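The values are calculated or read from the model by the stated rules, or taken from the named source; none is laboratory data. Note that the coordinates shown come from a computational prediction; the quantities given were computed from them, not determined experimentally. A quick note on method: Cβ atoms are made from the backbone with ideal geometry, for glycine too, and the neighbour counts reach across all protein chains shown. Protein only, heavy atoms only, side chains kept; ligands, DNA and RNA dropped before computing areas. Shrake-Rupley method; radii C 1.70, N 1.55, O 1.52, S 1.80 Å.
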Amino acid sequence: MDLKLILEQLDVNDRQVDLDHLINNMLQQIGSTDPVLRDDLIYSTFGKLVMMDFLNKEQLNHLLNVCLDQEHLFYQMGERETDSVFTRSFSVLVVALVVEKDRSSRFLKKEQIEASIEGIIRYLQEEQDTRGFVVSKGWAHSIAHGADALAEVIKHPLFDRKKTSECLDAIQECLFKEGTYVDDEDERLLFAIEALLEKGMKEEELSNWVTSLSDNLEAHFEVERYSVQFFHKKKNVLCFVKSCYFRLLIRDTCSNARRVMEDVVEKWTREIYLGD
């Protein structure tokens, strides 16, 4: 029977459902270009199965291990404007689901959490297809999905705070990828910043990192000058910094870091940087 029809008619409480077969079938089609099958049915079904305790530990482990492999999270990594992005982007969402579930149930080994952290960081560093919504195929949203997953692994009790700088580097790399973010990618990346702060990241580290964003943008300006590529990077960075500023302002925290953000925004909105 067609997977779409199976999922539309699925009763997750039916004990006769072969969950092992269903999981593998969904994993095989996790990157379908049919947005209803991929997003509304496969991902939503994974969400129900994982979060509502329909899967045992072995099935959850299998789900995580497959989604982290070369045929899922890193499937044809480096491609742009191809359908392979859907496999990568929705695999990382399922990784986030399993890690989130493990925060309360603790069925994963320490090595699996470490592999998840490393995989998600690498994914954000290497992903080159930054499209958000794709006409007729639905959401790719690779950076937003990766950001969600990064926030989840940071929140996990086994997250090593020594990984903070690697997480910040991955977020910075996202902000300097080609393309302009228009589908709330900056807001989603902020969840990871908030998670790092909750894990004890020092305000000084955040301030220094924001300064490094500006320094990196300066280096790109020296090479690219008033090019379209530069202005796309500038927009991504400034939108993120502004969003971060107001998020911290609402929470009434990190006043020194906010002043650094004010200086960065002021610098990059001067007339000299406005172009022709």
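The table for this structure:
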| quantity | calculated |
| --- | --- |
| Failed condition for residue 217, given (1) under 18 Å from the mean Cα position of the chain (by Cα); (2) buried (at least 20 other Cβ atoms within 10 Å of the Cβ) | (1) |
| Residues that are of a type outside the set (D, E, K, R), outside any helix (DSSP H, G or I) and either touching a strand residue (DSSP E or B) at 6+ places or on another chain (Cβ under 9 Å) or more than 19 Å from residue 95 (Cβ to Cβ) (or both), drawn from the range 32-52 | 33 |
| First in the range 74-91 and under 14 Å from residue 131 (Cα atoms) and touching a residue at least 24 places away in the same chain (Cβ under 8 Å), second anywhere and of a type in the set (Lys, Arg) and in a loop (DSSP other than H, G, I, E, B), Cβ under 8 Å, 6 or more apart | 81/131; 83/137; 85/131; 86/137 |
| Any hit, the range 12-31, residues being closer than 18 Å to residue 93 by Cβ, open to solvent by less than 50 Å² (accessible area, probe 1.4 Å) and part of a loop (DSSP other than H, G, I, E, B) | yes |
| Residue 190 open to solvent by less than 30 Å² (accessible area, probe 1.4 Å), under 23 Å from residue 130 (Cα atoms), free of Cβ contacts under 8 Å to residues at least 60 places away in the same chain and part of a helix (DSSP H, G or I) | yes |
| Residues located in the range 72-90, provided they are among the charged types (D, E, K, R) and loosely packed, with under 15 Cβ neighbours inside 10 Å | 79, 80, 81 |
